[in-house]
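Q: So that we are looking at the same thing, I have put the structure below in structure tokens.
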Amino acid sequence: MIDLAARLRTLLASGEPAILVRVASALGSTPREAGAAMVVTAATSTGTVGGGALERLSIERARTMIAAGEAEAMLAVPLGPRIGQCCGGHVTLALAAVDAALLASEEARDRAQAAARPAVLIFGAGHTGQSLARALALLPLQVGVVDTRPDALATLPEGVDARALALPETAVAAARPGTAFLVMTHDHQLDFLIAAAALGRGDATYVGMIGSATKREKFRRHLRDAGAEALIDRLVLPIGGLAVRDKRPEVIAALTAAELVSVLLGKAEEKAAGPVADAASQCNSEPIASVQPKGRHARAS
């Protein structure tokens with residue numbers, strides 16, 4: 001994901017004028033959700049509010065603001081035939097000139113969003129653990145990797161929380177509620193110990209283990225001997241499903257990442273269509289409207 005706050009810091013430091021464009025509201029079928037954002041300068045754009053004609057309009061409006069020294073504007077866009085899009089929804093964009101106050105607000109927003117991201121804890125920094133960490137590092141998740149071998153953690157991607165622990169299972173108890181646990185260490189007995197601890201918490205969003213039907217059966221017996229056989233029903237083994245029988249680490253990682261996205265991020269909520277959907281047939285004539293521009297002097301902060 002693009003770090004827009006870092007981009008804002010760079011632009012402020014250089015003194016280059018820029019506009020932050022954010023989706024303020026998204027009704028009906030839209031290419032991006034409320035909160036999606038991009039940063040526009042006279043020559044570049046970073047991030048996206050949905051691409052296509054919607055994005056072209058937002059970039060054009062932002063560059064007009066830069067040229068005129070405007071501080072704020074709103075742009076209401078029906079996504080219909082008039083702009084060559086058939087989504088049928090309605091997007092309202094908020095545009096604001098980048099300054100120190102805006103940067104501080106964006107940094108606070110980033111911190112809050114980062115803290116709210118679903119947590120994923122991978123046990124094992126072998127080939128598949130490394131591949132999975134790289135795949136998940138691109139997603140809006142808090143990703144941690146635990147291994148007994150510090151050298152195995154040295155090549156993890158930036159942003160991944162690497163933890164070298166002599167007793168990896170202790171990380172299970174310390175994890176926050178709702179964490180997803182992925183178990184793929186170099187030792188099957190350690191896998192069983194970690195997975196049993198994760199399942200025993202009762203609040204894990206997902207517990208998955210790399211392996212085969214044979215390994216699942218061995219783990220079921222392990223749980224039975226411990227008097228907890230029913231826990232096997234909450235275990236995903238093998239991770240990534242059975243539709244694609246490819247054992248390459250990168251393929252397993254891709255399949256497992258898709259599985260986790262479905263579980264942790266869920267399906268996008270159905271947006272309330274309201275009157276926009278009822279008036280879909282009027283998109284050809286519905287205007288693209290924006291509020292009156294404000295000069296830089298109009299900003300109170």
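The values are calculated or read from the model by the stated rules, or taken from the named source; none is laboratory data. Just so it is clear, the model here is predicted, and its values are computed rather than measured. All Cβ positions, glycine included, derive from the backbone under ideal geometry; neighbour counts span all protein chains shown. In case anyone asks, the SASA skips ligands and DNA or RNA and just uses the protein heavy atoms, side chains included. Shrake-Rupley method; radii C 1.70, N 1.55, O 1.52, S 1.80 Å.
Q: Whether any residue in the stretch 60-68 is closer than 21 Å to residue 208 by Cβ, charged (D, E, K, R) and either open to solvent by 50 Å² or more (accessible area, probe 1.4 Å) or in contact with a Phe, Trp or Tyr (Cβ under 7 Å, 6 or more places away or on another chain) (or both) is what I want to check.
A: Within the stretch 60-68, not a single residue is closer than 21 Å to residue 208 by Cβ, charged (D, E, K, R) and either open to solvent by 50 Å² or more (accessible area, probe 1.4 Å) or in contact with a Phe, Trp or Tyr (Cβ under 7 Å, 6 or more places away or on another chain) (or both).
Q: Need at least 3 residues that are among the β-branched types (Val, Ile, Thr) per element, so show me which strands (runs of 3 or more DSSP E) inside the stretch 1-50 make the cut, counting only ones lying wholly within it.
A: Per the criteria, 19-27.
Q: I'd like to verify a number: residues in the stretch 171-217 that are of a type in the set (Lys, Arg) and closer than 23 Å to residue 266 by Cα, how many?
A: 2
Q: While we're here: Would you point out which residue out of 191, 233, 203 is in a loop (DSSP other than H, G, I, E, B) and either out of contact with any Asp or Glu (no Cβ under 9 Å at 6 or more places or on another chain) or not basic (Lys, Arg) (or both)? Break it down stepwise before answering.
A: On the way: 191 fails: in a loop (DSSP other than H, G, I, E, B); 233 fails: in a loop (DSSP other than H, G, I, E, B).
Going through 191, 233, 203 in turn, the sole match is 203.
Q: Filter the stretch 208-241 down to residues that are open to solvent by 100 Å² or more (accessible area, probe 1.4 Å) and over 25 Å from the mean Cα position of the chain (by Cα) and give me whichever is farthest from residue 181 (Cα to Cα).
A: Per the criteria, the residue is 225.
Q: Out of all the residues in the stretch 23-47, which are modelled with pLDDT of 85 or more, open to solvent by less than 50 Å² (accessible area, probe 1.4 Å) and touching a strand residue (DSSP E or B) at 6+ places or on another chain (Cβ under 7 Å)?
A: 23, 25, 26, 35, 36, 37, 38, 39, 40, 46, 47
Q: Any idea which of 179, 185, 205 is touching a helix residue (DSSP H, G or I) at 6+ places or on another chain (Cβ under 7 Å), closer than 28 Å to residue 116 by Cα, buried (at least 17 other Cβ atoms within 10 Å of the Cβ) and hydroxyl-bearing (Ser, Thr, Tyr)?
A: Details: 179 fails: touching a helix residue (DSSP H, G or I) at 6+ places or on another chain (Cβ under 7 Å); 205 fails: buried (at least 17 other Cβ atoms within 10 Å of the Cβ).
Among 179, 185, 205, only 185 is touching a helix residue (DSSP H, G or I) at 6+ places or on another chain (Cβ under 7 Å), closer than 28 Å to residue 116 by Cα, buried (at least 17 other Cβ atoms within 10 Å of the Cβ) and hydroxyl-bearing (Ser, Thr, Tyr).
Q: Only residues in the stretch 44-58 that are over 19 Å from residue 18 (Cα atoms) count as the first member; pair them with residues that are of a type in the set (A, V, I, L, M, F, W, C), Cβ under 6 angstrom, at least 6 apart or cross-chain, and list the lot.
A: Taking only residues 6 or more apart or on different chains, the pairs are 53/83.
Q: Being of a type in the set (Asp, Glu), open to solvent by 30 Å² or more (accessible area, probe 1.4 Å) and in contact with a helix residue (DSSP H, G or I) (Cβ under 6 Å, 6 or more places away or on another chain) is true for just one of 72, 107. Which residue is that?
A: Result: 107 is the single residue among 72, 107 that is of a type in the set (Asp, Glu), open to solvent by 30 Å² or more (accessible area, probe 1.4 Å) and in contact with a helix residue (DSSP H, G or I) (Cβ under 6 Å, 6 or more places away or on another chain).
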